[in-house]
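The values are calculated or read from the model by the stated rules, or taken from the named source; none is laboratory data. What you see is a predicted model; the values in this text were computed from it and never measured. Because the Cβ atoms are built from the backbone with ideal geometry, glycine has one as well, and the counts that use them run over all protein chains shown. For accessibility, only protein heavy atoms count, side chains too; no ligands or nucleic acids. Shrake-Rupley method; radii C 1.70, N 1.55, O 1.52, S 1.80 Å.
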Protein chains: 2
Amino acid sequence: MASATQHPNHQLISSEDVEGTNVFGAGDTKVGEIDHLMIDKFSGKVTYAVMSFGGFLGLGHSHYPVPWAALKYDPTLGGYRTGITEQQLHDAPEFSDDEWGDRNWETRTHQHYGVPMY
Amino acid sequence: MASATQHPNHQLISSEDVEGTNVFGAGDTKVGEIDHLMIDKFSGKVTYAVMSFGGFLGLGHSHYPVPWAALKYDPTLGGYRTGITEQQLHDAPEFSDDEWGDRNWETRTHQHYGVPMY
């Protein structure tokens, strides 16, 4: 699968290659992957990484939207680092696709992960 | 094909649904489609829309990277408006995938289309 490691020295990545990019937690342990991104149509800002954790954590849902501000790109790893914990994912505000239009859900989710709104 | 019109009232769009989003020129005429986006891995900013013009304009190449700043989302149309012309596309700085690491190409391209660097 294509990933951010394809062009490790490039600052830019194709939206097609984002899928499968690794996300690392404490101790450089892989905790999950980026499934896709959510992008603001107007500003062109990435707002959320929708992550999958299959096989890594015992999480009930298959996809979790994580605020972009909770991820930091690490060129050495060719992926993203995050400080979010399994407990935070478990306790995150309930999500369904309808929530993409819900500013209240967005505010609560950013507060939950302790990062500023985009 | 999925497109930005799937959730016309949502401000956010999935990176998976960006492909096929229409781009309109003067007089609300469709001139092309977004094939994929280029995203800054660090900042999470969309930097270019790589557009396809198959069948619309007599352009030699299949894909043209257009600076994000040259597109403006129009909720009424469910797509993007642009003021760029066929002549500008013809005369744009030469492009190959290597250019994604070339800051000089990026500067010339933004100057060519008359928009500020991201």
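Output the residues belonging to the range A:16-34 that are of a type outside the set (A, V, I, L, M, F, W, C), more than 16 Å from B:VAL46 (Cα to Cα) and either assigned to a strand (DSSP E or B) or facing chain B (nearest Cβ under 9 Å) (or both).
A:THR21, A:ASN22, A:LYS30, A:GLY32, A:GLU33
Pairs only if they're at least six apart or on different chains, beta carbon under 7 angstrom, first in the range A:78-104 and closer than 18 Å to A:TRP68 by Cβ, second open to solvent by 90 Å² or more (accessible area, probe 1.4 Å) and among the basic types (Lys, Arg); list them, first residue then second.
The qualifying pairs are A:TYR80/A:LYS72; A:ARG81/A:LYS72; A:PRO93/A:ARG108.
Can we say B:HIS63 is at pLDDT below 90 and touching a Phe, Trp or Tyr at 6+ places or on another chain (Cβ under 9 Å)?
For B:HIS63, the condition - at pLDDT below 90 and touching a Phe, Trp or Tyr at 6+ places or on another chain (Cβ under 9 Å) - is met.
Suppose we filter B:THR47, B:THR76 for residues that are within 14 Å of chain A (Cβ to nearest Cβ) and touching a Leu at 6+ places or on another chain (Cβ under 8 Å); which single one remains?
B:THR47
Looking only at residues that are among the polar types (S, T, N, Q) and surrounded by 13 or more Cβ atoms within 10 Å (Cβ to Cβ) in the range A:71-110, which one is nearest to A:TYR48 (Cα to Cα)?
A:THR109
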